[in-house]
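Undergrad: After the structure tokens below, expect a handful of questions from me.
The values are calculated or read from the model by the stated rules, or taken from the named source; none is laboratory data. Given the structure is predicted, the values throughout are model-derived calculations rather than measurements. Because the Cβ atoms are built from the backbone with ideal geometry, glycine has one as well, and the counts that use them run over all protein chains shown. Side chains are part of the model used for accessible areas, which takes the heavy atoms of the whole protein and leaves out ligands, DNA and RNA. Shrake-Rupley method; radii C 1.70, N 1.55, O 1.52, S 1.80 Å.
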Amino acid sequence: MIESPLLDKLTGYIGGRWSDSSEGNTFDVYNPATGEVIAKVPSMSEADVVAAVEAGKSALRLTSPYTLETRRTWLEGIRDALREHKEEVGRILCMEHGKPLKEAQGEVDYAAGFFDYCSKHIQALDAHTLTEKPKDCTWTVHYRPIGVAGLITPWNFPIGMIAKKLSAALAAGCPSVIKPASETPLTMVALFRLMDKYVDMPDGMVNLVMGKASVIGKVLCESPDVPMLSFTGSTEVGRKLVVDTAEQVKKLALELGGNAPFIVFDDADLDSAADNLIANKFRGGGQTCVCANRIFVHEKVADAFGEKLAARVNKMNVGNGLTEDVDLGPLINQAGFDKVKRHLEDALANGASLVAGKEPEDLGDGHLFFPPTVITGVTRDMCCYREETFGPLVPMALFRREEEVIDAGNDTEFGLASYVFTNDAERAQRVAAGLRFGHCGWNTGTGPTPEAPFGGMKASGIGREGGLEGLFEFVEAQAVPRGF
Ligand code: ADP
């Protein structure tokens, strides 16, 4: 069992109090590196979730809103608490997710960055008066908190994803009911422990419920007191939330699946492209929505690029994230492992070949460690091209012409992240404009940051997180014309 000063309470949190399941149910949390159960946490009931929504409602202030200064203090308090406890929060994160300790602690810093950004830009949410006087009135535009927000997060960034949502919700003055993924609830409990101890927020401003997605999702979708849901996860669940909230026309912010193209032209700096691909692809064990999923390499440089990748991949250490010098941890669970294996088997059976890694029959003897693997000769009919693999498999497909690779990149229902490597600036501009993706890295595999808007086109989602666009997600503009 995990021991941590930040986990002395292992319950939900409702209306400013640590709160157990009213029905006494629990679920187990595992360390994917060892298979051990590291904690039991409450699986909360429908009544608990309703209580959390009620608590949120009681913290909402419309007629006498929390001032910008008050909200800034909350954001700064969470930022400082995260930075101060980065090591321990990162250790908890590493143990329930599996990613290397340094990477996990880096994620805590990344999360703190969102609270910092919102605290520094909160002034943008202040009311302003229009310079024009339409209809002889003076118009003031206010940014009102939308109300109690349901925040639903996935397991791949246990602190990063909640930071993106909660920072903007608190900046807007919105109370929230938060549901972490059942694979990684402990990092969220640790965050609540920090907020409870170090940040002076009104009771009910932040509420934590854990347990079955069907139970919690139902209340959040059906309650008229929750006018907005912000969700990060699969497109499949995102679609269900669209349907389940249609009756009430709720506001949705959805960050869904990806199928990122990573395009390497023959004039690119191949070493830099290979380094960027390794950093991008193997972050979180390849289990991120911005991980390159289809690597398009110009045919003239495909062999050279494959060799560079193999040289890098063969040096990577796979193991328990708590061990020093580990580059790649385990996959999150057996289903995740099986999916990557299936993609590898399917590709090899249909004509792709192995550049680095193991044959499928040499994989897996009960553990979740999947070796970094590179294959080439990938085509559009293969599973690894059409679906998001969510694991350390690098599939290379070859191309010849610029228009052909833009079409191939867009040949997916998703539109989240994309990357293009070329030393020709005009080509980079053309390709970025042609790719229907919310994020397009030019000569970099870097992903989202607190300062810039991030989100998907097409089936990758609705709305943005980060940047001023993300800051405005939880407010509703209200125009107040004043006559004389
Ligand atoms: P992943 O494949 O990354 O686990 P999911 O979309 O399955 O993505 O889950 C993301 C988050 O959404 C998790 O917290 C999960 O428990 C939650 N979730 C899954 N189904 C529902 C649902 N029907 N309603 C609300 N939340 C859900």
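Undergrad: Per 5 Å bin from zero, what fraction in whole % of the C-alpha pairs of the stretch 260-449 is there, up to the bin with the longest pair?
TA: So the P(r) values, bin by bin, are 1, 8, 18, 22, 22, 15, 8, 4, 1, 0.
Undergrad: If you don't mind, there's one more thing I want to ask. Between Cys383 and Lys240, what length in nm is gained on full extension when 0.36 nm per residue of separation is reduced by their alpha carbon distance?
TA: Length gained, Cys383 through Lys240: 49.1 nm.
Undergrad: Would you mind checking which residues have amide H under 5 Å from Ile38's amide H? H placed 1.01 Å from N; only 5 or more apart, or other chain.
TA: Distant-sequence amide H within range of Ile38: Val29, Tyr30, Asn31.
Undergrad: At most 13 other Cβ atoms within 10 Å and a DSSP loop assignment: could you name the GluC sites (Glu not before Pro) in the stretch 76-163 that fit?
TA: Listed in order of number, the matching sites are Glu132.
Undergrad: By how many degrees, between 0 and 90 and to the nearest 10, does the Cα long axis of helix 235-244 differ from the longest principal axis of the chain?
TA: 30 degrees
Undergrad: Using all Cα-Cα distances in the stretch 32-102, what percent lands in each 10 angstrom bin from 0 up to the longest?
TA: Going from the shortest bin to the longest, the percentages are 15, 24, 32, 24, 5, 0.
Undergrad: Could you give the dipole magnitude of the stretch 260-449 about its Cα centre, charging the beta-carbon of Lys and Arg +1 and that of Asp and Glu -1, in debye to the nearest 20?
TA: Dipole magnitude for the stretch 260-449 comes out near 280 debye.
Undergrad: Report the gain in length on full extension from Met457 to Arg400: 0.36 nm times residue separation, minus Cα-Cα distance, nm rounded to one decimal.
TA: Fully extending the segment from Met457 to Arg400 adds 17.9 nm.
Undergrad: Can you give the angle from 0 to 90° between the axis of helix 68-84 and the longest principal axis of the chain, with both taken from C-alpha atoms, to the nearest 10?
TA: 40 degrees
Undergrad: I've got another one for you. To test your reading of the geometry: what angle, between 0 and 90 degrees and rounded to tens, separates the Cα axis of helix 270-281 from the longest principal axis of the chain?
TA: Taking the Cα atoms of the chain, the angle to 270-281 is about 50 degrees.
Undergrad: What FRET efficiency comes out for Glu476 versus Glu359 if R0 is 51 angstrom and r is the Cβ-Cβ distance? Round to the nearest 0.05. Present the calculation step by step, with values, prior to reporting the outcome.
TA: Values: r = 55 Å, r/R0 = 1.09.
With R0 = 51 Å, the Cβ-Cβ based efficiency is 0.40.
Undergrad: Net charge within 12 Å of Thr379 by Cβ-Cβ distance, Lys/Arg positive one each and Asp/Glu negative one each, not counting Thr379 itself? Intermediate results must be reported in sequence, preceding the final value.
TA: Details: positive: Arg294, Arg380, Arg386; negative: Asp346, Asp381, Asp411.
Taking every other residue near Thr379 into account, the sum is 0.
Undergrad: Which whole-angstrom value gives the distance between the alpha carbon centres of the stretch 384-408 and the stretch 439-481?
TA: Result: 25 Å between the Cα centres.
Undergrad: Quick one: Debye curve from the C-alpha atoms of the stretch 99-243, no solvent, what's log10 I(q)/I(0) at q = 0.09, 0.11, 0.15 Å⁻¹?
TA: -0.34, -0.49, -0.82
Undergrad: Let me ask something else. List the lysines whose Cα lies under 26 Å from the Cα of Lys251, skipping any in the same chain that are fewer than 8 positions away.
TA: In chain and number order, the partners are Lys57, Lys120, Lys164, Lys165, Lys179, Lys212, Lys218, Lys240, Lys458.
Undergrad: Separate question: Run the Debye formula on the Cα coordinates of the stretch 368-484, all scatterers equal and no solvent, and tell me log10 I(q)/I(0) at q = 0.15, 0.17, 0.18 1/Å.
TA: Scattering profile of the stretch 368-484, log10 relative to I(0): -0.82, -1.01, -1.10.
Undergrad: For a quick check: with amide H placed at 1.01 Å from N, whose amide H comes under 5 Å from Phe370's, ignoring anything fewer than 5 positions away on the same chain?
TA: Leu331
Undergrad: Apply the Karplus parameterisation 6.51 cos²θ - 1.76 cosθ + 1.60, with θ equal to phi minus 60°, to every residue of the stretch 353-367 and state each ³J(HN,Hα) to the nearest whole Hz, in sequence, with x for glycine and proline.
TA: With the stated coefficients, the stretch 353-367 comes to 10, 7, 9, 8, x, 10, 5, x, 5, 8, 9, x, 10, x, 9 Hz.
Undergrad: Can you give the helix-only mean residue ellipticity at 222 nm for the chain, where every DSSP H stretch with n ≥ 4 adds -39500 (n - 2.57) and the sum goes over all residues, rounded to the nearest 500 deg cm²/dmol? Numbers along the way, then the final one.
TA: On the way: 15 runs with 177 residues, N = 484.
So the helix-based figure for the chain works out to -11500 deg cm²/dmol.
Undergrad: Can I ask one more? Cα gyration tensor of the chain, axes a ≥ b ≥ c as square roots of the eigenvalues: rounded (a/c below 1.5), prolate (a/b > b/c) or oblate?
TA: Because a/c hits 1.5 or more and a/b fails to exceed b/c, the chain counts as oblate.
Undergrad: What ³J(HN,Hα) values, in whole Hz, does the Karplus curve 6.51 cos²θ - 1.76 cosθ + 1.60 give for the stretch 131-144 when θ = phi - 60°, with x put for Gly and Pro?
TA: Couplings: 6, 6, 10, x, 6, 6, 10, 9, 9, 10, 9, 10, 10, 8 Hz.
Undergrad: Okay, moving on. Figure the gain on full extension for Val141 and Glu469 (residue separation times 0.36 nm, minus the Cα-Cα span) and round it to one decimal in nm.
TA: 116.4 nm
Undergrad: Leaving out ligands, DNA and RNA, what percent of the accessible area of the stretch 58-105 is carbon and sulfur, probe 1.4 Å?
TA: Ligands and nucleic acids excluded, carbon and sulfur reach 51 percent.
Undergrad: Which cross-chain or sequence-distant (5 or more) residues have an amide H under 5 Å from the amide H of Ile263, H modelled 1.01 Å from N in plane?
TA: Phe296, Tyr419, Val420, Phe421
Undergrad: When you count, for each residue, the other Cβ atoms within 10 Å and take the mean per peptide, how do 311-321, 369-379 rank with the highest first?
TA: For the peptides 311-321, 369-379, the packing ranking is 369-379, 311-321.
Undergrad: Roll a 1.4 Å probe over the protein chains and send me the accessible area per residue for the chain in Å².
TA: Numbers: 19330 Å² over 484 residues.
Using a 1.4 Å probe on heavy atoms only, each residue of the chain averages 40 Å².
Undergrad: Note down, for the stretch 160-270, the three equivalent ellipsoid semi-axes (square root of 5 times each alpha carbon gyration tensor eigenvalue), biggest first, whole angstrom.
TA: Largest first, the stretch 160-270 gives 29, 21, 14 Å.
Undergrad: Quantify, in whole percent, the carbon and sulfur part of the accessible surface of the stretch 314-405 (1.4 Å probe; protein heavy atoms only).
TA: Heavy-atom surface of the stretch 314-405 belonging to carbon and sulfur, 1.4 Å probe: 45 percent.
Undergrad: Evaluate the charge dipole of the chain about its Cα centre and quote only its size in Debye, nearest 20, assuming +1 on the Cβ of each Lys and Arg and -1 on the Cβ of each Asp and Glu.
TA: 1160 debye
Undergrad: Can you compute the modelled spin-label distance between Asp203 and Ala304, with each label point 7 Å from Cα toward Cβ, in nm?
TA: With each label placed 7 Å out from Cα toward Cβ, I get 6.8 nm.
Undergrad: Taking the Cα centre of the chain as the origin and placing charges on Cβ (Lys, Arg +1; Asp, Glu -1), which of Asn276, Ser418, Pro371 is farthest toward the positive end of the dipole?
TA: Ser418
Undergrad: Quick one: 3J(HN,Hα) in Hz for the stretch 118-126, Karplus 6.51/-1.76/1.60 with θ = phi - 60°, rounded, Gly and Pro as x.
TA: Along the stretch 118-126, the couplings run 5, 5, 7, 10, 4, 4, 4, 8, 5 Hz.
Undergrad: Let me ask you something else. Distance between Cα centroids, the stretch 329-359 to the stretch 130-151: provide it in whole Å.
TA: 52 Å
Undergrad: Continuing with the same structure: Of Leu6, Thr26, Ser43, which is farthest towards the positive pole of the stretch 1-50's charge dipole, taken about the Cα centre with +1 and -1 on the beta-carbons of Lys, Arg and Asp, Glu respectively?
TA: Leu6
Undergrad: Next question. How high is the FRET efficiency between Thr129 and Ala433 when r is their beta carbon distance and R₀ equals 45 Å, given to the nearest 0.05?
TA: Once rounded, the FRET efficiency stands at 0.80.
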